[in-house]
1. Test of understanding: among 74, 62, 105, 66, which residue is within 22 Å of residue 190 (Cα to Cα), surrounded by fewer than 16 Cβ atoms within 10 Å (Cβ to Cβ) and modelled with pLDDT of 90 or more?
2. Provide a single number: the residues in the range 255-279 that are surrounded by 14 or more Cβ atoms within 10 Å (Cβ to Cβ) and either modelled with pLDDT of 85 or more or in a helix (DSSP H, G or I) (or both).
3. When residues of the range 17-48 are filtered for being within 27 Å of residue 114 (Cβ to Cβ) and surrounded by fewer than 22 Cβ atoms within 10 Å (Cβ to Cβ), how many remain?
C-alpha cells in the first residue's frame, strides 16, 4: 500500500508536467488548427535560459521568470515568422515547419551550451514531508503547486477575460470572429505565447526535479505531452489535463511494478489503446477530426467548446470595435 501511494504521487508529479505541455498543444490546435511540434524544444529552452540566469548570479525565481518571458516571446516569434506566411499553404507545410524549428532549436542549444548535461539548482529538493511511511519532497510539492496555479490561471483567463473569451470564440468560428472586427492575428500570437510560456514552466520544473538540463531533454517530454493531448482529446484543454495525469500515473506504476524499461511501452500502449477504441480521445468531440477540425462546430459558444467546454456564453465586444484593446 505504501509503494502504491508513492508511485501514484510520483505519477501525479510528472503527470502535471505532461499536462502543462499537453495544454499548450491543445490551446494552439484549438485556435490555429495547427500542431506545434516545437513545444518540446521550447520546454528545453525555458530550462536552459533559467539555468543561464542562475549561472550569471540571478536568484532562481528571477531567472525562471525571465526565462518564461523570453520563451513566450520566442513562441510568438515562431508563429509570426515561420507559420503565419504558411497560413494558406497545405496543412503539411506548417507541420513540417514546426519540425524543422525543433531540430534547429535543439542544434542551437548544443552549439551554445554544449551537448553535455549541466547541473541545475534545486534548493527545494533538500526538504521533505513525511506522510505515513511515504515522503513528499519540497520539489514534489512545488511542481504540484506551480502546475495547479498555472492551470487555474489559464482557466480564469479563458473564462473571465475578454481576450480569453475571444480565443474560445475564435476556436469555434474564425469567420464570425473576424466579422466582429477582432484582430485574429493578435490572438494567434497570444495562443502561441501562452503555449510557449506553459512549456517554459514545465521545462524549469523538469530541470529542478531531475537537477539537470541537457539539449535533448525536450524530445521525450514533447512526445509525452503530445501523447497526453491525444489521450485526453487534442481538441480539449480539460482532456489535456486528464491525459497528462493518466499518462504520468500509468508510467509511475509501470516503473514501480514492472520495471524502468517498460515506462514508454506502457505509456504509449495506453495511448494506442485509447485512440483505437476512441480516436477523438477521452474528452474529445466525435465531430472533430484529430488533425483537421475545429471548424465543424457552429454557434457562438456551443457546449462543445474545444477549449474549455463552456457553453452558451456570447463573445463580449470589449472596449472598442477594431480589436480586443479598442485600437
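1. Working: 74 fails: surrounded by fewer than 16 Cβ atoms within 10 Å (Cβ to Cβ); 62 fails: within 22 Å of residue 190 (Cα to Cα); 105 fails: surrounded by fewer than 16 Cβ atoms within 10 Å (Cβ to Cβ).
Within the list 74, 62, 105, 66, the selection yields 66.
2. 12
3. The number of residues fulfilling the criteria is 1.
For (1) surrounded by fewer than 20 Cβ atoms within 10 Å (Cβ to Cβ); (2) more than 18 Å from residue 25 (Cα to Cα); (3) modelled with pLDDT of 85 or more; (4) in contact with a helix residue (DSSP H, G or I) (Cβ under 9 Å, 6 or more places away or on another chain), each residue gets a yes or a no:
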site	(1), (2), (3), (4)
92	yes, no, yes, no
115	yes, yes, yes, yes
130	yes, yes, no, no
135	yes, yes, no, yes
148	yes, no, yes, yes
159	yes, yes, yes, yes
176	yes, yes, no, yes
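The values are calculated or read from the model by the stated rules, or taken from the named source; none is laboratory data. These figures come from a predicted structure and were not determined experimentally. Reconstructed Cβ throughout: ideal geometry from the backbone, glycine too, with neighbour counts over all protein chains shown.
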